[in-house]
Amino acid sequence: MNSKLRLYAYSIPWNIFLLTVGSFLIAMSIKSVAVPHGFVTGGISGIALLIYYFSDVLTPGLWLFILNIPIAVIGWAMISGRFVLYTAYGMCAITAWMEIITFALPVHDSLLAAIAGGAVLGAGAGISMRSLGSSGGLDILGILLHQRFGFRIGQVSFAFNAALFTVSFTLLDTDIVLYSLIMVFVTSQIMDYVLSMFNQRKLVFIVSDHAQAISDVIIKEANRGVTLLEGRGGYTGQRKQVVMTVVNNVQQKKLEELIFTLDPEAFVIFENTFNVIGKGFSRRKVY
């Protein structure tokens, strides 16, 4: 990605666009799938739905907005103003979309509804998190705990949802809670896929007696950086260099041809990586 594209990816219009699209998908999943079937989503929206189901006061969107306010204040004080401003827009957009959306998706089977709702919710959450903000709620707490104490965002989400669904089993029909768990599982899988869809790369290790020649051709022909590692054979004890590089999925086949043209006996390892940060790849996200 060149410098102009990197700057565009971090521009205000691009972040607003991501949050608007993501918020619409999140709102549609909750309002058009979860609410008609009585499902409980994960995170803060799950608490908002529980309150709505048992109080019948206000709307799910307004309850979600109210619960997000104290969390946003904490985020403003402890993360960054820019992150919270983007997140505040995401929160307001979700509430607005939930007030606007009045239709229910015509999915009558509860299992299919859980899968469809989870897919739409996961796509929306993933798109929102690709911005410099989020859709609010548990995202803020997860990022805060990750920055302050090193907890992984997935750990925070798991612990919170475990407590939420434990309570849900005591309040709701067991089948409804189980369908809700399926929805949350699908959400997490789709969200991870969306987050990694444009970031996944191939980490490549090449063990060869022609390491320097392979290194040179990768730099010239594939236009990728290379690091030479010093290695030694475990059986022979012979010293040799190991070539390490990172390519995208499209470049993998070309790299194979370059390597095996120079050394048909080369030993090559391709490893999937979730994200690569640095020159020529992704830029570190600073909230």
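The values are calculated or read from the model by the stated rules, or taken from the named source; none is laboratory data. As the structure is a computational prediction, the values presented were derived from the model and not from experiment. In this analysis, Cβ positions are derived from the backbone assuming ideal geometry, glycine residues included, and neighbour counts consider all displayed protein chains. The area values use the complete protein model at the heavy-atom level, side chains included, leaving out ligands, DNA and RNA. Shrake-Rupley method; radii C 1.70, N 1.55, O 1.52, S 1.80 Å.
Numbers below:
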{"quantity": "Residue count, segment 125-134 (criterion: open to solvent by 20 Å² or more (accessible area, probe 1.4 Å) and assigned to a loop (DSSP other than H, G, I, E, B))", "calculated": "1"}
{"quantity": "Close pairs from segment 153-176: first more than 18 Å from I51 (Cα to Cα), partner at pLDDT below 90 and open to solvent by 70 Å² or more (accessible area, probe 1.4 Å), Cβ under 6 Å, at least 6 apart", "calculated": "I153/H146"}
{"quantity": "Residues being surrounded by fewer than 20 Cβ atoms within 10 Å (Cβ to Cβ) and either of a type in the set (D, E, K, R) or touching a Pro at 6+ places or on another chain (Cβ under 9 Å) (or both) - total across segment 79-106", "calculated": "4"}
{"quantity": "Conditions (1) of a type in the set (A, V, I, L, M, F, W, C); (2) crowded, with 23+ Cβ neighbours inside 10 Å; (3) over 19 Å from the mean Cα position of the chain (by Cα); (4) modelled with pLDDT under 90: number failed by V40", "calculated": "(4)"}
{"quantity": "Condition met for I143 (open to solvent by 60 Å² or more (accessible area, probe 1.4 Å) and assigned to a helix (DSSP H, G or I))", "calculated": "no"}
{"quantity": "Number of the condition not met by V247 [criteria: (1) open to solvent by less than 50 Å² (accessible area, probe 1.4 Å); (2) within 10 Å of L203 (Cα to Cα); (3) modelled with pLDDT of 90 or more]", "calculated": "(3)"}
{"quantity": "Scope segment 62-79; condition under 21 Å from T20 (Cβ atoms) and either at pLDDT 90 or above or not in a helix (DSSP H, G or I) (or both); matching residues", "calculated": "L62, L64, F65"}
{"quantity": "Hits in segment 250-284 - residues which are modelled with pLDDT of 85 or more, open to solvent by less than 80 Å² (accessible area, probe 1.4 Å) and outside any loop (DSSP other than H, G, I, E, B)", "calculated": "L255, E256, L258, I259, L262, V268, I269, F270"}
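Conditions (1) closer than 14 Å to I30 by Cα; (2) in contact with a Pro (Cβ under 8 Å, 6 or more places away or on another chain), marked per residue:
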{"site": "L49", "(1), (2)": "yes, yes"}
{"site": "P60", "(1), (2)": "yes, no"}
{"site": "P70", "(1), (2)": "no, no"}
{"site": "I74", "(1), (2)": "no, no"}
{"site": "A77", "(1), (2)": "no, no"}
